[in-house]
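Working notes, structure below.
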Amino acid sequence: QVQLVESGGGLVQPGGSLRLSCAASGFRFSIYPMGWYRQAPGKQRDLIARITSAGSTNYADSVKGRFTISRDNAKNTVLLQMNSLKPEDTAVYYCNTYPLPSFTWGQGTQVTVSS
């Protein structure tokens with residue numbers, strides 16, 4: 001059974017940092033390109049950061065320069081380091097493959113940026 005379990009979210013002040021983790025299981029993780037998606041209430045779920053199986057990365061303009069995606073194939077995890085957080089980063093964050101999400105979405109992890 002494929003599972004995607006996101007963790008690491010929380011409440012932070014603007015300018016703060018968080019590190020999100022996605023634990024994947026049930027598939028050959030190392031060959032899949034992985035991405036982080038986020039969804040705010042009433043909004044579309046958007047792909048904001050992606051990483052290929054070889055480690056090449058790309059970011060949406062909204063997070064470029066502030067977020068860093070990485071992966072640890074030995075641990076079947078995808079990480080998202082988020083710095084200089086802004087209130088508009090508030091959302092539920094999910095991981096999945098891209099360009100299409102191959103697997104059932106996990107529960108996501110809530111990130112709230114507020115003063």
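Determine, yes or no, whether L79 is in a strand (DSSP E or B), of a type in the set (A, V, I, L, M) and under 15 Å from V111 (Cα atoms). Give the steps one after another, and end with the answer.
Details: in a strand (DSSP E or B): yes; of a type in the set (A, V, I, L, M): yes; under 15 Å from V111 (Cα atoms): yes.
Spelling it out, L79 is indeed in a strand (DSSP E or B), of a type in the set (A, V, I, L, M) and under 15 Å from V111 (Cα atoms).
Quick check on this structure: which one of T90, T68 is among the β-branched types (V, I, T), under 12 Å from the mean Cα position of the chain (by Cα) and farther than 15 Å from E6 by Cβ?
Working: T90 fails: under 12 Å from the mean Cα position of the chain (by Cα).
Testing whether each residue is among the β-branched types (V, I, T), under 12 Å from the mean Cα position of the chain (by Cα) and farther than 15 Å from E6 by Cβ leaves just T68.
State the number of residues belonging to segment 77-98 that are open to solvent by 50 Å² or more (accessible area, probe 1.4 Å) and in contact (Cβ under 8 Å) with a residue 40 or more places away in the chain. Give the derivation first.
Within segment 77-98, the subset open to solvent by 50 Å² or more (accessible area, probe 1.4 Å) is 83-84, 86-88.
The next check asks that each one be in contact (Cβ under 8 Å) with a residue 40 or more places away in the chain; those that pass are 83-84, 86-87.
So the answer is 4.
Considering only residues that are in a strand (DSSP E or B) and within 13 Å of A24 (Cβ to Cβ), which ones fall in segment 67-76?
Our first condition is that a residue be in a strand (DSSP E or B); within segment 67-76, this holds for 67-72.
R71, D72, listed by residue number.
Give the residue that is farthest from T90 (Cα to Cα), with candidates limited to residues of segment 21-66 that are among the aliphatic types (A, V, I, L, M), open to solvent by less than 50 Å² (accessible area, probe 1.4 Å) and in a strand (DSSP E or B).
In the first step, residues of segment 21-66 are kept if they are among the aliphatic types (A, V, I, L, M); the result is 23-24, 31, 34, 40, 47-49, 51, 54, 60, 63.
This time we only want the ones that are open to solvent by less than 50 Å² (accessible area, probe 1.4 Å), so: 23-24, 34, 40, 48-49, 51, 60, 63.
Checking which are in a strand (DSSP E or B) leaves us with 23-24, 34, 48-49, 51.
Numbers: A23: 21, A24: 23, M34: 21, I48: 13, A49: 15, I51: 22 Å.
Checked segment 21-66; the qualifying residue farthest from T90 (Cα to Cα) is A24.
Taking segment 100-115 only, how many residues are in a loop (DSSP other than H, G, I, E, B) and in contact (Cβ under 8 Å) with a residue 60 or more places away in the chain? Working first, answer last.
Narrowing segment 100-115 to residues in a loop (DSSP other than H, G, I, E, B): 100-108, 114-115.
Checking the rest, the ones that are also in contact (Cβ under 8 Å) with a residue 60 or more places away in the chain come to 101-108, 114-115.
Adding up the residues that qualify gives 10.
For segment 72-99, how many residues meet the condition of being aliphatic (A, V, I, L, M) and farther than 18 Å from T57 by Cβ?
Going through segment 72-99, the residues aliphatic (A, V, I, L, M) turn out to be 74, 78-80, 82, 85, 91-92.
Applying the additional criterion that residues be farther than 18 Å from T57 by Cβ yields 74, 85, 91-92.
Residues that pass the stated criteria total 4.
Across segment 47-62, what is the number of residues that are in contact with a strand residue (DSSP E or B) (Cβ under 6 Å, 6 or more places away or on another chain) and not hydrophobic (A, V, I, L, M, F, W, C)?
Of the residues in segment 47-62, the ones in contact with a strand residue (DSSP E or B) (Cβ under 6 Å, 6 or more places away or on another chain) are 47-51, 57-60.
Still in the running and not hydrophobic (A, V, I, L, M, F, W, C): 50, 57-59.
The total comes to 4.
The values are calculated or read from the model by the stated rules, or taken from the named source; none is laboratory data. Quick caveat, the model's predicted, so the values are computed rather than measured. Neighbour counts run over all protein chains shown; Cβ positions are idealised from the backbone, glycine included. All accessible areas refer to the heavy atoms of the entire protein, side chains included, with ligands and DNA or RNA removed. Shrake-Rupley method; radii C 1.70, N 1.55, O 1.52, S 1.80 Å.
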